[in-house]
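Heads up, the thing below is written out as structure tokens.
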Amino acid sequence: MRIAIASDHAAFELKAALADHVRAAGHEVQDLGPNDDSSVDYPDYGYKLASAIASGDAECGIALCGSGIGISIAVNRNPAARSALVSEPLSAKLAREHNDANVIAMGARLIGIEMAKACVDVFLSTEFGGDRHQRRVDKLSHPITSKEPA
């Protein structure tokens, strides 16, 4: 699988550890930066990761910042990306299974390396459930405009 990974400076070490972990599992990793722990702006890297998903250069992504929140918001600005902020394996599984998330986001200041690896492993090994979930996922890219549920 082709996986893009990006972070800000706060998550630089976690990004390096997860990139090595994902490569060791046999996946191709596209490291979108940063290349060191100098201060950078997480939106720039979130947008790069979302662009890699939208262009098809990557099948899925790993987005990291201090809390995981900011970079997840940045990734989700692109309608081709569905980023889910997770903190443990069950949320990673449900993000894939129910929401067809194609990007996992985590906060380096909030999650340990081993828990982050467990989340990535579950995320990458879980298939989208389809069926009743597909209708809901379709609405994420094409939201309804009325105030009443469809």
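Report Rg (one decimal) and Dmax (nearest whole number) for segment 1-130, counting Cα atoms only, units Å.
12.6, 41
Starting with the highest mean, order 114-124, 15-25 by the number of other Cβ atoms within 10 Å, averaged over the residues of each peptide. Display every interim value, and only then the final one.
On the way: 114-124: 19.4, 15-25: 16.8.
So the peptides 114-124, 15-25, ranked by packing, come out 114-124, 15-25.
If the cut-off is a Cα-Cα distance under 20 Å, which aspartates and glutamates reach Lys93, setting aside same-chain residues fewer than 8 apart in sequence?
Once the sequence-local aspartates and glutamates are set aside, what remains near Lys93 is Glu59, Glu114, Asp121, Glu127, Asp131, Asp138.
What FRET efficiency, computed as 1/(1 + (r/R0)^6) with R0 = 25 Å and r the Cβ-Cβ distance, is obtained for Arg23 and His98, rounded to the nearest 0.05?
Working: r = 28 Å, r/R0 = 1.12.
The calculated FRET efficiency here is 0.35.
Can you tell me the order of 93-103, 52-62 when each peptide is scored by its average per-residue count of other Cβ atoms within 10 angstrom, highest first? Each step should come with its number before you reach the end.
Details: 93-103: 20.6, 52-62: 18.9.
Per-residue Cβ counts within 10 Å, averaged per peptide and sorted highest first, yield 93-103, 52-62.
Taken together, the values in this text are just the output of simple stated rules run on the coordinates, not laboratory data. Keep in mind that what you see is a predicted model, and the values were worked out from it rather than measured. For neighbour counting, all protein chains shown are included, and Cβ atoms are generated from backbone atoms with ideal geometry for every residue, glycine included.
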